[in-house]
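Trainee: One structure is given below, represented as structure tokens, and several questions about it will come after.
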Amino acid sequence: MLLFRLDATLERDPEIDLWLAQKPGVLGEWARQWFAVMRECGDEVRELLHDGHPIACFGNVPFAYVDVFTAHANVGFFQGVALRDPHRYLEGKGKAMRHVKLKPGKVVDPVVLQRMIVEAYEDIRQRVAAE
């Protein structure tokens, strides 16, 4: 399978920090928190603002993103179908992508979500190595 690649990834995209700073309240806080986890996955993490939301990549291959809506925030995974999800947090019906919907009152274990982000990074790293 060919991997989706994005041009113009940066080690740290200042546009993402502006985007994150403009997201208020708990939803914005969650987006900042989880994008920070993505940034810390490894030295090869690059990022960009693409289609209006922050995306974390392994080099130029995206593995995860965040987005903020009116009533919820998403932590999304480009190869989410490959992730273990014993708590059934992942949503979506696409061929590969899945997301975890975060909303006030909905409990999502932060340890599990962090594990999913790291697993998504490792999955993409292995896919790139196998090409």
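All of the numbers you see were taken from the coordinates with simple rules; none came from a lab. Note that the structure is predicted; figures quoted are calculated from it, not measured. Positions of Cβ are backbone-derived with ideal geometry, glycine not excepted, and every protein chain shown enters the neighbour counts.
Trainee: From the phi of every residue in the stretch 89-98, what ³J(HN,Hα) in whole Hz does the Karplus formula 6.51 cos²θ - 1.76 cosθ + 1.60 yield, where θ is phi - 60° and glycine or proline is x?
Mentor: Those phi angles translate into 7, 6, 10, x, 10, x, 5, 9, 6, 9 Hz.
Trainee: Please work out the C-alpha center-to-center distance from the stretch 1-36 to the stretch 40-61 and express it in whole Å.
Mentor: If we compute the Cα centre of each part, the gap is 8 Å.
Trainee: Percent of Cα-Cα pairs per 5 Å bin, from 0 to the last occupied bin, for the chain, please list those.
Mentor: Values per bin, smallest distances first: 2, 11, 23, 25, 21, 13, 4, 1, 0.
Trainee: Please give the peptides 28-35, 13-20 ranked by average Cβ packing (other Cβ atoms within 10 Å per residue), highest first, as a rough proxy for protection.
Mentor: Taking the mean over residues of other Cβ atoms within 10 Å, the ranking is 28-35, 13-20.
Trainee: Taking the mean number of other Cβ atoms within 10 Å as a proxy for protection, how do you rank 38-44, 77-83 from highest to lowest?
Mentor: Result, highest mean Cβ count within 10 Å first: 77-83, 38-44.
Trainee: I would also like to ask the following. Which value at 222 nm does the chain reach when only helices count, each DSSP H run of 4 or more adding -39,500 (n - 2.57), with the total divided by all residues and rounded to the nearest 500 deg cm²/dmol?
Mentor: About -11000 deg cm²/dmol.
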